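J.: My questions all concern the structure below.
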Amino acid sequence: MSFNVVIPARLNSSRLEEKVLIEINGIPMVIHVAQRASLSGAKNVVIATDDEKIAEVVRYYNFKSVMTNKNHLSGTDRCLEASGIKKWDGQDIIVNVQADEPLIDPVLIDLLAKNIIDGKSEYVTACSEFKSYKEFINPNNVKVVLDIYSHALYFSRSAIPYSPCKDLSYNNYAYHHLGIYAYRLNTLKKFCSFSISDLERIEKLEQLRALSNNLKLMVVPYDGNPIKGVDTLEDLNLVREMISKQ
């Protein structure tokens, strides 16, 4: 069974101006993401944007884009609109890949899609192990704790669960959440039908909307190539360095 990748990409960003168009080794960030997504098993790779400036760049690099509403509150809502524009079926699988993840691993994209194809879940995300205590306590690194069936119990920017010990080998219950999601279109529609939850509003993590409404979210482990999103200038410089070494 095939799957589709949607890359929601809005022009405005709060920390880095027009972040998804910032060049890394001469190539716009969103194009790095699209190029890597195209190496997965995806049937379609679509950039869901809100600005002609991004669409023009996408066309220049021979990728496909759709124009979506500027007023969407999240990339997930933008994915849903893109799915409607493309007229995909309710059972079609969509992998939502963030436009500020230029190091995204095609293997990870394929891993999430296969989890749904194999019938293990209708809604999937991923996690990896923290490499250091500094990473663990960084609020920009989202933590996730799981139940015994590998479903998410909670996501937080705080260091959860609480432990006075700085040795992660004694507190290996929390994982680093990777901001990538896969779902069937019907599940995506269900998620977007929910109102923003109080927990989502406090933590600024939209996946908490699913947990607040008892929508099960499977979390699969990933131990492949390092993945680093770009939120700050420090992140950008680190990603530039990592890509230049590849």
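The values are calculated or read from the model by the stated rules, or taken from the named source; none is laboratory data. Note that the structure is a prediction, hence the values are computed from the model and not measured. Cβ coordinates were reconstructed from backbone atoms using ideal geometry, including for glycine residues, and neighbour counts include every protein chain displayed.
J.: So, in segment 140-150, of the ones that are touching a helix residue (DSSP H, G or I) at 6+ places or on another chain (Cβ under 9 Å), surrounded by 13 or more Cβ atoms within 10 Å (Cβ to Cβ) and not hydrophobic (A, V, I, L, M, F, W, C), which residue ends up modelled with the lowest pLDDT?
T.: Asn141
J.: Additional query: Can you give me the ranges of the helices (runs of 4 or more DSSP H) entirely in segment 1-103 with at least 3 residues that are under 16 Å from the mean Cα position of the chain (by Cα) and of a type outside the set (Asp, Glu)?
T.: In segment 1-103, the matching helices (runs of 4 or more DSSP H) lie at 29-37, 75-85.
J.: Looking only at segment 13-35, decide whether some residue is polar (S, T, N, Q), in contact (Cβ under 8 Å) with a residue 40 or more places away in the chain and more than 23 Å from Ile243 (Cα to Cα).
T.: Checking segment 13-35: not a single residue is polar (S, T, N, Q), in contact (Cβ under 8 Å) with a residue 40 or more places away in the chain and more than 23 Å from Ile243 (Cα to Cα).
J.: Among the residues of segment 154-167, is any charged (D, E, K, R) and modelled with pLDDT under 95?
T.: yes
J.: Out of the residues in segment 191-207 that are in contact (Cβ under 8 Å) with a residue 60 or more places away in the chain and part of a helix (DSSP H, G or I), which is farthest from Leu153 (Cα to Cα)?
T.: Among them, the one singled out is Cys192.
J.: Still on this structure, please answer the following. So how many residues does segment 208-229 have that are over 13 Å from Phe130 (Cα atoms), within 14 Å of the chain's Cα centre (by Cα) and part of a loop (DSSP other than H, G, I, E, B)?
T.: So the answer is 2.
J.: Among the residues of segment 155-177, write down those that are touching a residue at least 40 places away in the same chain (Cβ under 8 Å) and either surrounded by fewer than 17 Cβ atoms within 10 Å (Cβ to Cβ) or farther than 16 Å from Tyr123 by Cα (or both).
T.: Result: Ser156, Arg157, Asn172, Ala174, Tyr175, His176.
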